[in-house]
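Read through the structure below, which is laid out as structure tokens, and then see the notes.
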Amino acid sequence: MATYVADNVSIHPRAELDADVEIGPFCVIGPNVRVGRGTRLENNVTLMGHVTLGEHNHLWPGVVLGGDPQDLSYRGSDTQVIVGDHNIIRECVTINRATEKEDGVTTVGSHNYLMACSHIAHDCRLGNHIVIANGTLLGGHVHVHDHASLSGAVAVHHYASIGSYCFISGCSRVLHDVPPFMLVEGHPARPRCINVVALKRNEFPPDVINCLAEAHRLLYRAKVGLDHAREILRGNDQLVPQVTELLSFVQQQQEGKHGRARERRRAA
């Protein structure tokens, strides 16, 4: 199928569009943009700076990718946004290009659903199969792991890490890393229980779910401490790989500053 471009579209001659791309009216595509095959841009989409869009993405009206990072130290360096395949990016989502403080790339993986008016700040890294609901804001340098779900109007502090298969309840204020497999909520958000709905939906075995529930109980209710919890879980033959992943995440978090593992370089 040939590429379709509507009227009243501004596409720079150096932009690269693969086959079977649809560009709706009033879109603006800059010179350093590449759009993969099967991708559809509705009206009023803006792609600026160095932006690479993979295949079969669907961008809804008002989306802006590649805008300058909202960082006062940024001085116009040539950084990027790279987006994978099969993403749905709804109305007025903004994804800013990176600063030079990490590797110069803001990345979004594949099979993600970013709902209306959510914001992905500079230097963020999103994995795959992530859901981010309306009005949720990710600060700079936030990492979101695979299969995480963030409800509406969540605000995530910069440098926080969001673990895989977790769920963040609506209107939560996320100041610390969110451990994998947990459901968190509050101001600031705290682990309340395991994310049993996601675990069942993704066919985690019942024994693994029970082991994670016991790890949560020891860490966040009994508060026995990380090392003691590890020994209890080992003694009960509950140190399955998913629990080991959880404990490793929590250990790195505790070594960080203000509950954020990736700020270890700033720790005293």
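Annotation: extensible slack from Arg192 through Asp207 equals 3.4 nm (criterion: 0.36 nm per residue apart, minus Cα-Cα distance). Computed from label points 7 Å out along Cα-Cβ, the spacing between His111 and Ser248 is 2.2 nm.
Per the Debye calculation on the chain with a single equal scatterer at every Cα and no solvent contribution, log₁₀ I(q)/I(0) for q = 0.07, 0.14 Å⁻¹ amounts to -0.28, -0.93.
Semi-axes of the equivalent ellipsoid of region 1-110 are 23, 14, 13 Å, computed as sqrt(5λ) over the eigenvalues of the C-alpha gyration tensor in descending order. For region 1-80, the list of chymotrypsin sites (Phe, Trp or Tyr not before Pro) that fall in a loop by DSSP and count at most 16 other C-beta atoms within 10 angstrom reads Phe26. Highest-first packing order for the peptide set 136-148, 186-198 is 136-148, 186-198, based on the mean count of other beta carbon atoms within 10 Å. If R0 is taken as 25 Å, the Cβ-Cβ distance between Asn43 and His12 corresponds to a FRET efficiency of 0.85. Residue ranges 15-24, 217-226 sort as 15-24, 217-226 when ordered by packing (mean number of other C-beta atoms within 10 Å per residue, highest first). Beta bridges from DSSP with both residues in the chain: antiparallel share about 10 percent, rounded to the nearest 5. Between the helical axis of 226-235 and the longest alpha-carbon principal axis of the chain there is an angle of about 70 degrees. For region 66-116, the list of GluC sites (Glu not before Pro) that fall in a loop by DSSP and count at most 13 other C-beta atoms within 10 angstrom is empty.
The modelled label-to-label distance for the pair Glu102/Ala19, using points 7 Å beyond Cα in the direction of Cβ, is 3.6 nm. Cross-link partners for Lys223 among the lysines, with Cα-Cα distance under 21 Å and sequence neighbours closer than 8 places in the same chain left out: Lys257.
Just so you know, all these numbers are worked out from the coordinates, no wet-lab data involved. Quick caveat, the model's predicted, so the values are computed rather than measured. Heads up, the Cβs are rebuilt from the backbone with ideal geometry, glycines too, and the neighbour counts pull from every protein chain shown.
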